[in-house]
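**Student:** Okay, handing you the structure first.
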Amino acid sequence: MPDKIALQRIAAHTEDSPPADPPRADSRATDSPTTHPRAAEPPAADPHPADPHPAHAKPADNDPLPIGPPVDTTPRPLPARNPIRGQHATLEPLHRRHVSELWHAAQGADASWTYLGAGPFASAEAMGRHVMDAAASHDPMLWAVRPVITGVVSGWLALMDIQPRNASIELGGIWFAPRMQRTRAATEAIFLLLKLAADDLGYRRLVWKCDALNAASRRAATRLGFTHEGRHRMHMISKGRQRDTDWFSIVGEEWPPRRDALLAWLDPSNFAADGTALHGLAELRAAPTSNRQA
């Protein structure tokens, strides 16, 4: 029979030291049982890091946003409806008394109206209504062109989209009869209005725009020294057809050298006995200022 004292010791050991819990099925061996097995891994990257340039961040006081240079904000004067006389052409404010001469100049020249918003006209009366309506407008403001060599009105042109506060003005609405095209009178008529706008009235932006399909007008703009700015696609509807519009400009300090080149081109010394120009406008613009004829 077991010793009574031994039985008491067995009972005491059982009460003081209960058996350990069985190991969990997912328990793993580790060299450092006090350290979690994921503690040594680097933290996961934040899927939404802070934006280094938040949308609502304000620029620093020493890093202001870029702005344009200051300019003279004085509104420019409006053009006056006065005659303008040159060596080769006289510009007369458009009037109904010009209708007869313009109607005769337009005969057989239907193609010359292709890219304009009006014309060709079915009768002198129809042209007269258009002329009288245009003559009553202050924007566009139109002048009839009377070449000195013929003494007969053979076209018109306008200052338009007049913006005195922006110092911007457009030369446009040009219709020249075939007999006046590519003549000194045609070039001088354009020059006289550009000079009026830039030199006499102080406009800083001179605009030329045309139907993008009008190759002759685009060539004329480039010849005169305008810079192509771009194309407005599907800009307008003209005579029931879609029109893309090409924009050209002469701005600021670009005008004086272009004015001087035009003066040199118009000078009598630039023409041979048969009336052919000895130097083109592009050539004269590229020449040193001292070589130009004033």
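The values are calculated or read from the model by the stated rules, or taken from the named source; none is laboratory data. As the structure is a computational prediction, the values presented were derived from the model and not from experiment. In this analysis, Cβ positions are derived from the backbone assuming ideal geometry, glycine residues included, and neighbour counts consider all displayed protein chains. These accessible areas exclude ligands, DNA and RNA; they are computed on the full protein's heavy atoms, side chains included. Shrake-Rupley method; radii C 1.70, N 1.55, O 1.52, S 1.80 Å.
**Student:** Subtract the Cα-Cα distance of Val251 and Thr289 from 0.36 nm times their separation in residues, and report this length gain in nm to one decimal.
**Tutor:** 11.8 nm
**Student:** How large is the dipole of segment 225-294 about the Cα centre if only Lys and Arg carry +1 and Asp and Glu carry -1, each at its Cβ, rounded to the nearest 20 debye?
**Tutor:** Dipole size: approximately 440 debye.
**Student:** Also: With a 10 Å radius around each residue's Cβ, average the other Cβ atoms per peptide and rank 79-85, 230-236, 97-103, highest first.
**Tutor:** Ranked from most to least packed, the peptides come out as 97-103, 79-85, 230-236.
**Student:** Another question about this same structure. For a quick check: with amide H placed at 1.01 Å from N, whose amide H comes under 5 Å from His235's, ignoring anything fewer than 5 positions away on the same chain?
**Tutor:** Those qualifying (amide H under 5 Å, at least 5 residues apart or on another chain) are Arg243, Asp244, Thr245.
**Student:** Could you let me know the centre-to-centre spacing of segment 165-210 and segment 260-280, using Cα atoms, in angstrom?
**Tutor:** 19
**Student:** Continuing with the same structure: Run the simple label-point estimate for Gln242 and Thr74 please: 7 Å along Cα→C-beta, distance reported in nm.
**Tutor:** Here the modelled spin labels are 4.6 nm apart.
**Student:** So, one more: Is segment 108-247 best put as rounded, prolate or oblate by its Cα gyration tensor, with a ≥ b ≥ c the root eigenvalues, rounded for a/c under 1.5, and otherwise prolate when a/b is larger than b/c, oblate when not?
**Tutor:** Numbers: a/c = 1.37, a/b = 1.12, b/c = 1.22.
It is rounded, given that a/c, with a ≥ b ≥ c, falls under 1.5.
**Student:** Got a sec? Charge dipole of segment 217-294, +1 on Cβ for Lys and Arg, -1 for Asp and Glu; which of Gly240, Ala287, Leu224 is way out at the positive end?
**Tutor:** Gly240
**Student:** Mind running the shape call on segment 165-207? Use the C-alpha gyration tensor, a ≥ b ≥ c as the square roots of the eigenvalues: rounded below 1.5 for a/c, prolate if a/b tops b/c, oblate otherwise. Can you show the working numbers first?
**Tutor:** Working: a/c = 4.35, a/b = 2.19, b/c = 1.99.
Prolate, because a/c is 1.5 or more and a/b exceeds b/c.
**Student:** Follow-up question, since we're still on this one. Would you kindly derive the ³J(HN,Hα) couplings of segment 278-286 from the backbone phi angles with the Karplus curve 6.51 cos²θ - 1.76 cosθ + 1.60 (θ = phi - 60°), listing them in order in whole Hz, with x for Gly and Pro?
**Tutor:** These are the phi-based 3J(HN,Hα) values: 7, 9, x, 5, 4, 5, 5, 5, 7 Hz.
**Student:** Based on the Cβ-Cβ distance from Arg81 to Ala118, what FRET efficiency comes out when R0 is 30 Å, to the nearest 0.05?
**Tutor:** 0.90
**Student:** In addition: What whole-number value in Å² describes the accessible area per residue of segment 87-178 for a 1.4 Å probe?
**Tutor:** Per residue, segment 87-178 has an accessible area of 45 Å².
**Student:** Go ahead and run the numbers for FRET between Leu65 and Asn166, Cβ-Cβ distance against an R0 of 30 Å, rounding to 0.05.
**Tutor:** Calculated value: 0.85.
**Student:** Can you tell me the accessible area per residue over segment 235-294, all protein chains present, probe 1.4 angstrom, in square angstrom?
**Tutor:** For segment 235-294, the per-residue accessible area is 57 Å².
**Student:** Placing +1 at every Lys and Arg Cβ and -1 at every Asp and Glu Cβ, with all other atoms neutral, what dipole size does segment 142-219 have around its Cα centre, in debye to the nearest 20?
**Tutor:** It comes to approximately 200 debye.
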